[in-house]
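Just below is one structure, and these are the notes that go with it.
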Amino acid sequence: RKMEDYLTLSIQNKRAEVEAMKFAVGESQLFDLARRQRRTPLSLKGAVKGNYSGIIAEFKRRTPLQSHLNPQACASSTIKGFALNGASAVAVVTDTRFYGGAITDLATASHVANIPILRVDMLIDKYQILESYVYGADAVLLFAEALSRDEIEAMMVVAHRFGMEVVLAVGSPGEIAKIPACTDIIAVNSRNLHTQTINRDTAYNMMSRLPADATKVAMSGICSHNDLHRLRTIGYSGFIIGETFMKKDYPALAMHNFINPPKIDF
């Protein structure tokens, strides 16, 4: 079955979800809830730069193209395992329809991991930024392709007000103009948001076009220690890696082996 335009579907689905949530808990109510929490988020940027692996291990149960990646994966034990085995941070995919995630996975992560937690979802509304904070996220991922520059800036203002960092994902040279000066981390996404296919050259081709002083993270299509090494060599400090670990029975062990490849004696 041909994948329909995932980006369009995802945004439509998320708009409906957000409207339903606003109906249940109003935006001003959620804002008050966030303000009362007074939690100081951890720095994702600091964690990525201060960790030798730079790996942001991504927890997700399925993808739009792989409906059974790891459907029974337990958020608590997997995320705890990532934290104990050398991940610099954890990314939690909270979308339910396409990824089998839940906003409660974010809360679980914040209880079991003492490293920064990045919320990954189709974030299109300031409401979701407040929600991310309330549920324990330290940082949020925004997709430049899904938002206007004004929307990106407005969502960043809310994130920064609560001390969360923003990772802005770009996938083509045309999206670079949308990067605000106050962006904490720029992620280059090698996955096409419309088709979900991966072009590994994206991470290499985009590097020279990005602001030189920005903290840069590569995401999608990182399958081996060699991929990671090559990306680090050209200037990436962080790596969001999901499927490579999640398709294994023990994702945390898969990550451990990825970070510590066996030494071969000749």
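Which pairs do you get when a residue that is closer than 19 Å to L142 by Cα, found in the stretch 214-230, comes within reach of a residue that is basic (K, R) and assigned to a strand (DSSP E or B), reach meaning Cβ atoms under 6 angstrom, with the pair 6+ apart or on two chains?
Listed by first residue and then by second, the contacts come to S220/R191.
State which residue pairs qualify: first residue at pLDDT below 95 and inside the stretch 34-55, second residue of a type in the set (K, R) in any location, beta carbons under 6 Å apart, and separation of 6 or more residues or different chains.
none
Consider E153 carefully, then state whether it is acidic (D, E), part of a helix (DSSP H, G or I), surrounded by fewer than 20 Cβ atoms within 10 Å (Cβ to Cβ) and out of contact with any strand residue (DSSP E or B) (no Cβ under 9 Å at 6 or more places or on another chain). Spell out how you get there, then give the answer.
Values: acidic (D, E): yes; part of a helix (DSSP H, G or I): yes; surrounded by fewer than 20 Cβ atoms within 10 Å (Cβ to Cβ): yes; out of contact with any strand residue (DSSP E or B) (no Cβ under 9 Å at 6 or more places or on another chain): yes.
Spelling it out, E153 is indeed acidic (D, E), part of a helix (DSSP H, G or I), surrounded by fewer than 20 Cβ atoms within 10 Å (Cβ to Cβ) and out of contact with any strand residue (DSSP E or B) (no Cβ under 9 Å at 6 or more places or on another chain).
Suppose we filter the stretch 82-91 for residues that are open to solvent by less than 10 Å² (accessible area, probe 1.4 Å) and in contact (Cβ under 8 Å) with a residue 40 or more places away in the chain; how many remain? Walk me through how you get there before you give the answer.
First, the residues of the stretch 82-91 that are open to solvent by less than 10 Å² (accessible area, probe 1.4 Å): 82, 87-91.
Narrowing the set further to residues that are in contact (Cβ under 8 Å) with a residue 40 or more places away in the chain leaves 82, 87-89, 91.
Count: 5.
Can you name the strands (runs of 3 or more DSSP E) wholly within the stretch 158-266 that have at least 3 residues being out of contact with any helix residue (DSSP H, G or I) (no Cβ under 9 Å at 6 or more places or on another chain), open to solvent by less than 20 Å² (accessible area, probe 1.4 Å) and closer than 21 Å to R62 by Cβ? Walk me through it before giving the result.
Numbers: elements: 165-170, 185-189, 215-219, 238-241.
By residue number, no strands (runs of 3 or more DSSP E) qualify.
Failed condition for Q12, given (1) open to solvent by 10 Å² or more (accessible area, probe 1.4 Å); (2) part of a loop (DSSP other than H, G, I, E, B), with all others met?
That leaves (2) as the condition not met.
The values are calculated or read from the model by the stated rules, or taken from the named source; none is laboratory data. Predicted, not measured: the structure shown is a model, and the values here were computed from it. All Cβ positions, glycine included, derive from the backbone under ideal geometry; neighbour counts span all protein chains shown. What goes into the accessible areas is simple: the full protein's heavy atoms, side chains included, and nothing from ligands, DNA or RNA. Shrake-Rupley method; radii C 1.70, N 1.55, O 1.52, S 1.80 Å.
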